[in-house]
1. Give region 90-114 a look and list any residue that's more than 18 Å from A41 (Cα to Cα) and in contact with a Gly (Cβ under 9 Å, 6 or more places away or on another chain), or say none.
2. For the subset of region 112-144 comprising residues that are outside any loop (DSSP other than H, G, I, E, B) and of a type in the set (S, T, N, Q), which member is most open to solvent (accessible area, probe 1.4 Å)?
3. Being open to solvent by 30 Å² or more (accessible area, probe 1.4 Å), part of a loop (DSSP other than H, G, I, E, B) and closer than 19 Å to R183 by Cα is the filter here; which residues of region 303-340 pass it?
4. When you look at L408, is it among the aliphatic types (A, V, I, L, M), open to solvent by 10 Å² or more (accessible area, probe 1.4 Å) and either within 14 Å of the ligand (Cβ to nearest atom) or farther than 16 Å from P341 by Cα (or both), yes or no?
5. Residue by residue through region 211-227, note down the ones that are open to solvent by less than 20 Å² (accessible area, probe 1.4 Å) and under 19 Å from F200 (Cβ atoms).
6. If I ask for residues that are under 27 Å from Y463 (Cα atoms) and open to solvent by less than 30 Å² (accessible area, probe 1.4 Å), which ones from region 228-260 would you list?
7. Could you list, in sequence order, all residues of region 261-290 that are more than 19 Å from the chain's Cα centre (by Cα) and open to solvent by less than 10 Å² (accessible area, probe 1.4 Å)?
8. So, in region 245-271, of the ones that are in contact with a His (Cβ under 7 Å, 6 or more places away or on another chain) and within 11 Å of the ligand (Cβ to nearest atom), which residue ends up farthest from F311 (Cα to Cα)?
Amino acid sequence: VDTWKVYVDVLKELGKLNSAIALLSWDEETHMPKKGLTLRAETIGKLSRTAFELSISDELGRCIEELEKRDDLSEDKAASVRIVGKRYRRNKAVPPDLFEEFTIAQSKSQAAWGEAREASDFALFCPHLEKMVDYTRQFAELYGYQESPYDALLERYESGMTSARLHAIIEPLRERLVPFLDRLLIDGTPPDTSALDGRFPVDAQRALARTILERIGYDFDAGALDDTLHPFTSQIAPGDVRVTNRYLETNPLSGLFGALHEGGHALYDQGMGDDLYDLQLTDGASYGFHESQSRLVENQIGRSEPFWTFFRPVFIEAYPALSNLSAEALYRAANHVSRSPIRVEADEVTYNLHIMLRFELETKLLDGSIQVANLPTLWNDAMDRYVGLTPTSDAAGVLQDVHWSHGLIGYFPSYMLGNLYAAQISRTLREDIPALDEQIARGDFAPLLDWLRDKIHRFGGIYEPGELIVRVTGQELSPEPFLAYIFDKYSKIYGL
Ligand code: ZN
């Protein structure tokens, strides 16, 4: 028997099931009429169960065990066995009865979270979150870890990352970012954003999102752009990577940066070799790495001055009422910093602070040093220490994110790691392409995309994130490039 062929055949089956699930989920979030929800949920549930069973099948297990002993596999094949093997063992570690119990508690928890948020009353969600934390703790024990149970959870999103390493990254970041934010907001002169108050037709915004996606190199022959409530990018299959976006009539920048963010994710997905799909290597190096590609396009490019030199004429053609704004004024307005209680509304300077407070609370919930019931108070206290404000309600505080209601603990750091990777990658990018700013100012994104494809996209999940960042930048992940980028950029904008 050709073990490799048996192995790839199972992965191809899995790929088809995952493709169907992705398409049904994308449709559910974009075009599906709401009366279709019940059957859709059942259909997705059925396919997911089939895919899960296949992912823990004895046949796959035998293949993995045998292929792990071979040292003649090519780099991509070996990476596939490493990743699929890891997932196989994780999925196998949780007894099916426990997992089923968890998924039932999970849907109740999500529903309770929705109601609690609506009523802005944490007490409605508290018993459910206690269960989610409890299940998560059990899973961590079953997955296994070296030092801290949190590491077992992190591993799923950021292979090789540990809470000890995160602490070492966060400590200097917080120590330097918090005082800088204070200086910025107390001594600095904030950009004037008043010109952007007004009404901006959603049709015009959607057209602009399409334009900018085309300009940065997103391939519409291998994708689509649709409206949704919570934007995401979905890799349906090779040659089919779809972007979704949302537009606010009162804010012309929200939908624009949403499109650039999702566009960054989509360029990563579109840039992975088609042959990696059957090897299950098209999730990227990690969640954090995927986020670095969206952040880099959204922030290091989209919120840069050269970008607005290029984009101003396009922007004011869509919104003639803004024609008195210079490129510099638009650049400044796009980089307004404020203390917001809401993570998803946070700017580049404050965003990581929102993640640090979640990391602090998550790790303490998991090791039992704090209790779920005390979370609202602990949240508000941490928000004051990190961001410098106190939320006025549970809805604008501890209840704002959906993640914990799903039992997603260990996920939040990916967002912060994405910001840090993006800044570090961007530094190397600018060294490699000294003319980048002039190219962007002309609207020429091809050299940027070529570089990202060559250094990052084409490898998909072949390398571990810790290995890839060293391959790309020559150094391990550090908060320094991010801090240097933030200090330099915002000191100038705020005239410190
Ligand atoms: Zn993202």
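The values are calculated or read from the model by the stated rules, or taken from the named source; none is laboratory data. Remember, predicted model here, so these are calculated numbers, not experimental data. Glycine gets a Cβ as well: all are built from the backbone with ideal geometry, and neighbour counts include every protein chain shown. Areas reflect the complete protein model, heavy atoms only, side chains present, ligands, DNA and RNA absent. Shrake-Rupley method; radii C 1.70, N 1.55, O 1.52, S 1.80 Å.
1. K92, A93, listed by residue number.
2. Selected residue: Q138.
3. H336, S338, R339
4. Yes; evaluated as a whole, the condition is true for this residue.
5. Of everything in region 211-227, those that are open to solvent by less than 20 Å² (accessible area, probe 1.4 Å) and under 19 Å from F200 (Cβ atoms) turn out to be I212, L213.
6. S234, I236, A237, V241, V243, L260
7. Within region 261-290, L276 is the sole residue that qualifies.
8. Among those that are in contact with a His (Cβ under 7 Å, 6 or more places away or on another chain) and within 11 Å of the ligand (Cβ to nearest atom), it is Y268.
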